[in-house]
1. With respect to the numbered conditions (1) buried (at least 21 other Cβ atoms within 10 Å of the Cβ); (2) of a type in the set (A, V, I, L, M, F, W, C); (3) under 20 Å from V98 (Cβ atoms), which one is the sole condition not fulfilled by F175?
2. Looking only at segment 99-110, how many residues end up being more than 15 Å from the ligand (Cβ to nearest atom), part of a loop (DSSP other than H, G, I, E, B) and either free of Cβ contacts under 8 Å to residues at least 12 places away in the same chain or not polar (S, T, N, Q) (or both)?
3. So which of I57, I94 ends up being buried (at least 16 other Cβ atoms within 10 Å of the Cβ) and within 16 Å of the ligand (Cβ to nearest atom)?
4. Report yes if some residue within segment 171-184 is of a type outside the set (V, I, T) and within 16 Å of the ligand (Cβ to nearest atom); otherwise report no.
5. Please state which one of H187, H191 is closer than 12 Å to I54 by Cα and either in contact with a Cys (Cβ under 6 Å, 6 or more places away or on another chain) or more than 16 Å from the ligand (Cβ to nearest atom) (or both).
6. Please give the helices (runs of 4 or more DSSP H) falling wholly within segment 124-215 in which 3 or more residues are charged (D, E, K, R) and farther than 25 Å from Y74 by Cβ.
7. Test V78 against the criterion of being modelled with pLDDT under 95 and out of contact with any Ser or Thr (no Cβ under 9 Å at 6 or more places or on another chain), and give yes or no.
Amino acid sequence: MKNSFLVIFVPCLFVLGLVISLAIVQEHKIPIKNLYLPSQNSKIRTKVVTHVLIHFISDAAIKPQNPYNIQDIYRIFVNTGTSSHYMIARDGTIYFLVGENRVAFHAGKGELPGLPTYKNKMNEYSIGIELLAIGTRNEMLPVMSEKTYNLITAKNIGYTDAQYRSLNILLNRIFKRYPSIKRDRKHIIGHDEYAPDRKQDPGNLFDWSRLKVLS
Ligand SMILES: [Zn+2]
């Protein structure tokens with residue numbers, strides 16, 4: 001009896017150990033690269049962070065066949081005076097653009113039900129995460145022609161598994177640093193939920209069920 005218990009228990013422990021160490025290795029394998037934006041693209045934060053806003057960004061309107069060149073995206077931020085704290089590339093690489101202790105300019109005008117003090121001030125209370133992605137035809141037509149959208153390769157539309165994996169890891173780290181952010185869908189929101197009249201991102205192709213937050 002004792003022996004058979006050991007025969008089962010010891011290999012189980014071994015497998016469990018392997019799974020845990022693989023998970024740790026996996027977590028550390030996600031590359032984070034610094035790609036700081038100029039200081040005029042952000043400002044000092046004074047409010048308590050309570051939300052995370054998810055966005056998509058690409059250069060598809062100008063380069064539909066090469067929409068994810070990192071330097072091109074960087075230039076979009078610089079030229080428009082906008083910013084986000086992080087950007088997650090198609091391969092899951094996380095780019096660090098603005099310090100979390102600064103306010104990034106990603107949310108713009110909008111509001112959330114029941115939170116009047118947040119009206120048009122979401123940047124002050126949030127961390128912005130951009131995913132390099134392109135939405136559906138209808139979501140993209142406000143910013144590009146049908147002809148341009150047709151030039152985009154199918155694999156460049158929507159989100160990648162690597163992006164969901166990195167996003168979950170990044171969110172975990174943010175939750176650890178900010179107990180003030182509740183880990184639910186009221187506080188981890190899309191730009192299209194904050195500004196539904198103006199914004200289409202992250203859009204219908206983003207699968208919220210893949211985020212490890214409460215619904
Ligand atoms: Zn956005």
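The values are calculated or read from the model by the stated rules, or taken from the named source; none is laboratory data. Not measured: the values here are computed from a predicted model. All Cβ positions, glycine included, derive from the backbone under ideal geometry; neighbour counts span all protein chains shown.
1. Failing condition for F175: (1).
2. Initially, segment 99-110 is screened for residues more than 15 Å from the ligand (Cβ to nearest atom), giving 99-103.
Keeping just the survivors that are part of a loop (DSSP other than H, G, I, E, B) gives 99-101.
Subsequent filtering for residues that are either free of Cβ contacts under 8 Å to residues at least 12 places away in the same chain or not polar (S, T, N, Q) (or both) retains 99-100.
Within segment 99-110, residues that are more than 15 Å from the ligand (Cβ to nearest atom), part of a loop (DSSP other than H, G, I, E, B) and either free of Cβ contacts under 8 Å to residues at least 12 places away in the same chain or not polar (S, T, N, Q) (or both) number 2.
3. Numbers: I94 fails: within 16 Å of the ligand (Cβ to nearest atom).
The unique qualifying residue is I57.
4. Within segment 171-184, the first condition is being of a type outside the set (V, I, T), and the residues that meet it are 171-173, 175-180, 182-184.
Next cut, within 16 Å of the ligand (Cβ to nearest atom) only: none.
The answer is no; no qualifying residue exists.
5. Being closer than 12 Å to I54 by Cα and either in contact with a Cys (Cβ under 6 Å, 6 or more places away or on another chain) or more than 16 Å from the ligand (Cβ to nearest atom) (or both) holds for just one of H187, H191, which is H187.
6. Here the list is empty.
7. No, not satisfied.
Rundown of residues vs (1) hydrophobic (A, V, I, L, M, F, W, C); (2) surrounded by fewer than 16 Cβ atoms within 10 Å (Cβ to Cβ); (3) in contact with a Ser or Thr (Cβ under 7 Å, 6 or more places away or on another chain), yes/no style:
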site: K121; (1), (2), (3): no, no, no
site: I134; (1), (2), (3): yes, no, yes
site: M144; (1), (2), (3): yes, no, no
site: A154; (1), (2), (3): yes, yes, no
site: D161; (1), (2), (3): no, yes, no
site: R165; (1), (2), (3): no, no, no
site: I189; (1), (2), (3): yes, no, no
